[in-house]
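See below for the structure under consideration.
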Amino acid sequence: MSEEILINVTPVETRVALVENGMLQEVYIERTSRKGIVGNIYKGKVVRVLPGMEAAFVDIGLERAAFIHASDVVASQQNGSDEPVEAPRTVPDIRTLLREGQSLVVQVTKDPIGTKGARLTTQLSIPSRYLVYMPGVSHIGISQRIEDETERARLREIVERGAVEGAINGAVEGAIGGAVEGATEGSPEGTTEQKVSSGGYIIRTAAESAAEQDLIADMNFLNRLNQSVNERISRVKAPAVVYQDLPLFIRTIRDLIRPQTEKVRIDSRESYQRVIEFVAEFVTEFQDKVEYYPGERPIFDLYSVEDEIQKALSRKVQLKSGGYVIIDQTEAMTTIDVNTGGFVGHRNLEETIFKTNLEAARAISRQLRLRNLGGIIIIDFIDMDDPEHQRQVHRMLEKMLERDHAKTKITGVSELGLVEMTRKRTTESLGQVLCESCPVCDGRGFLKTSETVCYEIFREILRINRAYEPENYLVMASQSVVDRLLDEESDNVADLETFIGKSIRFQVEPFYSQEQYDVVLL
């Protein structure tokens, strides 16, 4: 599988496209005016404790107070051990953990999304290329995506030895970091404590086959970074930011570049120079893969990235066979419906349905990554009678999602024929970043018909006529509504005028939406 990363940098925003086999798979967007804050560490102040929700609101200097649940505080106060600590079955009273006015060092795990503030945890993690350092945790975890047992043992031995030697020398006070890729072994978020000075590590997928000196260099880098964070925590007054993650184009190199990555193309000379410096220091094996793109043709036009982004904002995804998928994102969940559409098949109905579902499974996995959809996702595949077909479609979906950087969990086919899954959501979806609710339909996705609006106008005139005694009425509405009132509804208008004994005039307001109207008393 060939893979390329395209980075488009402008003064107002940075965009990153991950392209696999010539097809856009993921898009990341960071705007100067609204940067993501996941991974940032803050010294905050508790402004409100909510016993009924076992949670608290924390002021970290943002427009809206951030949210922390008791379980995310408890996790950081448990005793450290060499084994992963399971989350407690019962969460202690939030009032025993936090009080209003208390200073608290927290890390953002979810960006503010919609009307919700950022989600926080007191279990800190500091990122680097190969490792994730967690202060106060003694456990060492390894990404489950590293499957070779010999390699897992080698990596564990290197990190354990480096941690012990660092602790002896007083050099490893802070260590490894990075966004944890996929599921990790024994590293539930915020489940271990902050009393162990040496800290714990998560070995990331990128560490597979990494040289020992590179891993040790990562540990030393994170040690220095953690010391800097601790010094700033002791100096600043809440609310204040004490650590900010790298800009998007640097995070891309840290988190996304892999051995199968053929090229990283950047269209900004300044950003290219910064990336080259980062690569030369931390990932020297990829130096020959990073190149500056000076072409006149926009870099995102190389693989029709702009067109694919526009398609990703549509509800309907067309399948090559003629079938299609409908994706609806709501606040509670995302629903996905599969239809055969114009695909009639060649053999029989069951085979047609099976092939459509297989193709849809591939398309859905790509759309989840491309649109960055998270939370609860319900997929309504076309009903299949053959259990083997159900199993194959389910397996296809699982296989395609193995490439996903976000953590996913899929259930089997339910009694209703639905596939339920979750995808970890830490940032806004592509649609939420690029779009806003339609001011005309208020996000409903549909408008009242002109006929419906006409009948609302009739009822409004009758209501006003009972309360007041105007001589005549003026109705101001959109072109489509006035046209209907003067054409299809003209007989009804005449009957209404006779009933109320008054004349009704109409006036087109070109800036009114189809649902807007005013009834003026003359």
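The values are calculated or read from the model by the stated rules, or taken from the named source; none is laboratory data. Everything numeric in this text was worked out from a predicted model, so none of it was measured. All Cβ positions, even for glycine, are placed from backbone atoms using ideal geometry, and neighbour counts span all protein chains on display.
Worth a mention:
- Residue match in the range 270-279 (condition: more than 30 Å from V47 (Cβ to Cβ), aliphatic (A, V, I, L, M) and touching a residue at least 24 places away in the same chain (Cβ under 8 Å)): yes
- Residues that are among the β-branched types (V, I, T) and surrounded by 13 or more Cβ atoms within 10 Å (Cβ to Cβ) within the range 466-519 comprise V475, V481, V482, V493, I500, I504, V508, V519, listed in sequence order.
- Unique residue being assigned to a loop (DSSP other than H, G, I, E, B) and either surrounded by fewer than 16 Cβ atoms within 10 Å (Cβ to Cβ) or at pLDDT below 90 (or both) when the list is E147, E165, E157: E147
- Single unsatisfied condition, S228 versus (1) closer than 30 Å to F57 by Cβ; (2) hydroxyl-bearing (S, T, Y); (3) not assigned by TED's automatic domain parsing to the domain that holds A65: (3)
- The combined condition, being surrounded by fewer than 21 Cβ atoms within 10 Å (Cβ to Cβ), farther than 26 Å from R31 by Cα and modelled with pLDDT under 85, is fulfilled by T90.
- Extreme residue, surrounded by the fewest Cβ atoms within 10 Å (Cβ to Cβ), among residues of the range 407-422 that are in a strand (DSSP E or B) and under 20 Å from the mean Cα position of the chain (by Cα): K409
- Of the residues in the range 343-350, not one is in contact (Cβ under 8 Å) with a residue 40 or more places away in the chain and either in the same structural domain as T115 (by TED's automatic domain parsing) or surrounded by fewer than 18 Cβ atoms within 10 Å (Cβ to Cβ) (or both).
- The requirement of being in the same structural domain as Y133 (by TED's automatic domain parsing) and modelled with pLDDT of 85 or more is fulfilled somewhere in the range 193-201, by at least one residue.
- Residue within the range 358-372 that is small (G, A, S), out of contact with any helix residue (DSSP H, G or I) (no Cβ under 8 Å at 6 or more places or on another chain) and on the phi > 0 side of the Ramachandran plot present: no
- Scanning the range 244-255 for residues that are surrounded by fewer than 19 Cβ atoms within 10 Å (Cβ to Cβ) and more than 20 Å from A207 (Cα to Cα) turns up Q244, P247.
- D404 vs. criteria within 48 Å of the chain's Cα centre (by Cα), in a loop (DSSP other than H, G, I, E, B) and acidic (D, E): yes
- E428 vs. criteria buried (at least 16 other Cβ atoms within 10 Å of the Cβ), touching a residue at least 40 places away in the same chain (Cβ under 8 Å) and part of a loop (DSSP other than H, G, I, E, B): yes
- Reported count of residues in the range 18-41, each being in contact with a Phe, Trp or Tyr (Cβ under 7 Å, 6 or more places away or on another chain) and closer than 30 Å to M134 by Cα, is 2.
- Candidates R232, R224, R258 - the one that is under 22 Å from L18 (Cβ atoms), out of contact with any helix residue (DSSP H, G or I) (no Cβ under 6 Å at 6 or more places or on another chain), surrounded by fewer than 18 Cβ atoms within 10 Å (Cβ to Cβ) and basic (K, R): R258
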